[in-house]
Amino acid sequence: MTYAKAGVDSKHVRETHKALAKRLEATFQNRKRKVGWPLFPIGHYAGLVDLGGGRVLSLHTDSVGTKVLIARMMEKYDTIGIDCVAMCANDLICTGAEPISFLDYMAMAKPDRSLVEEVAVGLVKGAKEAGMAIVGGETAIVPELLSEDGGFDLTGFAAGVCKKEELILGDRVVEGDSLIGVASSGIHSNGFSLARKVLLKRYSLRDSPAPLDRAPGEELLEPTRIYVKPVRELVGKAEIHGIAHITGGGAFLKLERILRQGRLGANLDGLPEPPEIFRLIKKIGRISDREMYRTFNMGTGLVLACPEAHANRIVSTFKKYGQSALRIGRVQRRTGIRIRDLQLN
């Protein structure tokens, strides 16, 4: 089994993104020499625009994806709002920005007040953890677009701010930089098309397979970890050259965004053993190691590049917030992403 066979061809998606970005960047001229002039090409973790006075606005939008299907199957909706906030906030901090504002968009096949209220519980909890205010949103009833038995979709949009000198874009990453990996809280919000197809062939979501401490549905609904607080504490206090959010559509290949767009490489020889949920998906689906590390976070949700002299401070700051962090590798001149002897690209 592969992610592409499950319905998500990451290579095709990346190629589509590149073609779309080329077309959309023509609009940059609309704000030339005005407030809102784009500072960086499309393709990083967030869009960056100049606010003037040395301030930068960072913008990002994302969704919970097919994790909403697991929520529907489990009839549990009070955590996916956390995921929605996390997917936006975690990408914003990869630019050095402080997340400040959030909007949500919820599309539903039919009105369901109790569902909206449950989702809102998670949105509020996630916003508190990320330090953001939810300033508005939209609820759309679109029965023709979604399954009429209660289908829905959840998307978020977030804004962050920072000073220009605080921007973290990966342009300062150099050969020899340490790579610090921060533990995920599980599968987060990516790779669910593959995970669902593999696990539901063997188990029901409420089964308790021997390798897991809890049912697959509970494991899959574990909210995405939010990394905002420790990263914000480190900005300006530690030298951070790049931050990568390890998510779907490439997973560890996302490191290329901070490795000068692939002009440097990384050797991740210190990654910890992946949590049991990933080992179970790999075993049941007979999925290769390469495909797993290109699809899932495998237990590492965030990677920071820094000089070795700053590694201990970064590790200890994450541990202060109850988040496990450790050195997982180094930046190398040789291009490509390698996990021990496994070449991902």
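The values are calculated or read from the model by the stated rules, or taken from the named source; none is laboratory data. In this text, all values refer to a predicted model and were calculated from it rather than measured experimentally. Cβ: placed from backbone, ideal geometry, glycine included. Neighbour counts: every protein chain shown.
Summary of values
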{"item": "Count of residues meeting criterion [of a type in the set (Phe, Trp, Tyr) and free of Cβ contacts under 8 Å to residues at least 60 places away in the same chain] in the range 22-64", "result": "2"}
{"item": "Failed condition for Leu344, given (1) crowded, with 22+ Cβ neighbours inside 10 Å; (2) over 20 Å from Ile226 (Cα atoms)", "result": "(1)"}
{"item": "Test: residue in the range 50-61 that is closer than 27 Å to Ala130 by Cα and not in a strand (DSSP E or B)", "result": "yes"}
{"item": "Of all residues making up the range 272-320, the number that are in contact with a Phe, Trp or Tyr (Cβ under 8 Å, 6 or more places away or on another chain) and of a type in the set (Asp, Glu)", "result": "1"}
{"item": "Filter result for Gly285 (under 25 Å from Thr335 (Cα atoms) and either hydrophobic (A, V, I, L, M, F, W, C) or touching a residue at least 60 places away in the same chain (Cβ under 8 Å) (or both))", "result": "no"}
{"item": "Condition check for Lys283: within 19 Å of the chain's Cα centre (by Cα) and in a helix (DSSP H, G or I)", "result": "no"}
{"item": "Some residue of the range 17-31 being outside the structural domain of Tyr227 (by TED's automatic domain parsing), in contact with a helix residue (DSSP H, G or I) (Cβ under 6 Å, 6 or more places away or on another chain) and more than 30 Å from Pro230 (Cα to Cα)", "result": "no"}
{"item": "Single unsatisfied condition, Glu219 versus (1) crowded, with 17+ Cβ neighbours inside 10 Å; (2) among the acidic types (Asp, Glu); (3) not assigned by TED's automatic domain parsing to the domain that holds Gly270", "result": "(3)"}
{"item": "Some residue of the range 29-40 being among the polar types (S, T, N, Q), on the phi < 0 side of the Ramachandran plot and under 19 Å from the mean Cα position of the chain (by Cα)", "result": "no"}
{"item": "Only one of Ala19, Ala71, Ala4, Ala26 that is within 25 Å of Ala159 (Cβ to Cβ) and either outside any strand (DSSP E or B) or out of contact with any Lys or Arg (no Cβ under 6 Å at 6 or more places or on another chain) (or both)", "result": "Ala26"}
